[in-house]
1. Residue by residue through segment 168-202, note down the ones that are modelled with pLDDT under 95, out of contact with any Gly (no Cβ under 7 Å at 6 or more places or on another chain), on the phi < 0 side of the Ramachandran plot and of a type outside the set (Phe, Trp, Tyr).
2. Which pairs have Cβ atoms under 9 Å, sit 6 or more apart or on different chains, and link a residue in segment 189-201 that is within 15 Å of Gly112 (Cα to Cα) and in contact (Cβ under 8 Å) with a residue 40 or more places away in the chain to one that is loosely packed, with under 12 Cβ neighbours inside 10 Å and not basic (Lys, Arg)?
3. Check off (1) touching a strand residue (DSSP E or B) at 6+ places or on another chain (Cβ under 6 Å); (2) more than 18 Å from Gly112 (Cβ to Cβ) for Ala168 and give me the number that stays unchecked.
4. When Gly90 is evaluated against the numbered criteria (1) at pLDDT below 95; (2) surrounded by fewer than 17 Cβ atoms within 10 Å (Cβ to Cβ); (3) under 20 Å from the mean Cα position of the chain (by Cα), which criterion, by number, is the only one it fails?
5. Which of the residues spanning segment 94-107 are surrounded by fewer than 19 Cβ atoms within 10 Å (Cβ to Cβ) and closer than 21 Å to Val64 by Cα?
6. Name the single residue that is farthest from Lys117 (Cα to Cα) among those in segment 1-26 being assigned to a helix (DSSP H, G or I) and in contact with a Leu (Cβ under 7 Å, 6 or more places away or on another chain).
Amino acid sequence: MEKHFKEERTLVVIKPDGIQRTLIGEIIKRYERLGLKMVAIKMLVPTEEFVEKHYTLDPTWRTVTGEKTIKSYQDKGLTPWSMDPHEITGKILKNLKKYMTSGPVVAMVWQGAHAVKICRKVTGGTEPLTSDVGSIRGDFVVDSYQMSDVDDRSVRNLIHASGSPEEAEVEIPHWFKPEEIVGYRLIQEQILYDVNLDGILE
């Protein structure tokens, strides 16, 4: 039997800059008010090995991310510093490891209908400069690819959010043991998911 949409889960990690900007509560509020349910949360300082494994859980990550980065440069009329996707992602990964291990992060699992897409939409695009107003990155960050390239560092964009349900399924077990994820019911789920809205009127 297939899972109901309401059981979809996604991983969200508030990165070190999000913690230092004291945005934990604001970020959680954005997801909560959508109707998503937090089913796991922890604070930790990840190791470089842990971060590298996270980004390379998908064996195609290095190629796909490198190609996307090259295209992003070209779309803006800029010349990429390399045309080799693996050379590009080698540098990206080095900077990500430095960034993600610089301080504590808060990892969470959110559950609800279309959790992955909705979290991505509210989080905003990877580059804060071009993220929509109203998204977390669009509202709280001024960083850009150009600035991070000049400074030879990762883009500081506050949050990691799983890119697809398949990605979430491999990322969540990397960050959480099964017993750390709590199954429980929220009263509001009756309004969000009950077919007939039974039980509202006395």
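1. Step one: of segment 168-202, the residues modelled with pLDDT under 95 are 185-202.
If we keep only those that are out of contact with any Gly (no Cβ under 7 Å at 6 or more places or on another chain) as well, we get 185-187, 189, 191, 193-202.
Going one step further and asking which of them are on the phi < 0 side of the Ramachandran plot, we end up with 185-187, 189, 191, 193-196, 198, 200-202.
Of everything in segment 168-202, those that are modelled with pLDDT under 95, out of contact with any Gly (no Cβ under 7 Å at 6 or more places or on another chain), on the phi < 0 side of the Ramachandran plot and of a type outside the set (Phe, Trp, Tyr) turn out to be Arg185, Leu186, Ile187, Glu189, Ile191, Asp194, Val195, Asn196, Asp198, Ile200, Leu201, Glu202.
2. The qualifying pairs are Tyr193/His4; Tyr193/Phe5.
3. (2)
4. (3)
5. Across segment 94-107, the qualifying residues are Lys94, Asn95.
6. First pass over segment 1-26, keeping only residues assigned to a helix (DSSP H, G or I): 5-7, 16-20, 24-26.
Filter once more, so that each one left must be in contact with a Leu (Cβ under 7 Å, 6 or more places away or on another chain): 17-18.
Numbers: Asp17: 23, Gly18: 21 Å.
Among residues in segment 1-26 that are assigned to a helix (DSSP H, G or I) and in contact with a Leu (Cβ under 7 Å, 6 or more places away or on another chain), the one farthest from Lys117 (Cα to Cα) is Asp17.
Table: residues versus (1) of a type outside the set (Val, Ile, Thr); (2) at pLDDT 90 or above; (3) in contact with a Gly (Cβ under 7 Å, 6 or more places away or on another chain).
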{"residue": "Ile14", "(1), (2), (3)": "no, yes, no"}
{"residue": "Thr22", "(1), (2), (3)": "no, yes, no"}
{"residue": "Glu26", "(1), (2), (3)": "yes, yes, no"}
{"residue": "Ile41", "(1), (2), (3)": "no, yes, no"}
{"residue": "Lys68", "(1), (2), (3)": "yes, no, no"}
{"residue": "Gly77", "(1), (2), (3)": "yes, no, no"}
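For every residue, the table says whether it meets (1) exposed (fewer than 11 other Cβ atoms within 10 Å of the Cβ); (2) out of contact with any helix residue (DSSP H, G or I) (no Cβ under 8 Å at 6 or more places or on another chain); (3) not in a helix (DSSP H, G or I).
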{"position": "Arg120", "(1), (2), (3)": "no, yes, no"}
{"position": "Gly125", "(1), (2), (3)": "no, no, yes"}
{"position": "Asp143", "(1), (2), (3)": "no, no, yes"}
{"position": "Arg156", "(1), (2), (3)": "no, no, yes"}
{"position": "Arg185", "(1), (2), (3)": "yes, yes, yes"}
{"position": "Gln190", "(1), (2), (3)": "no, yes, no"}
{"position": "Asn196", "(1), (2), (3)": "yes, yes, yes"}
{"position": "Glu202", "(1), (2), (3)": "yes, yes, yes"}
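The values are calculated or read from the model by the stated rules, or taken from the named source; none is laboratory data. Being a predicted model, the structure only gives us computed values, none of them experimental. Note that each Cβ is placed from the backbone with ideal geometry, even for glycine, and that neighbours are counted across all protein chains shown.
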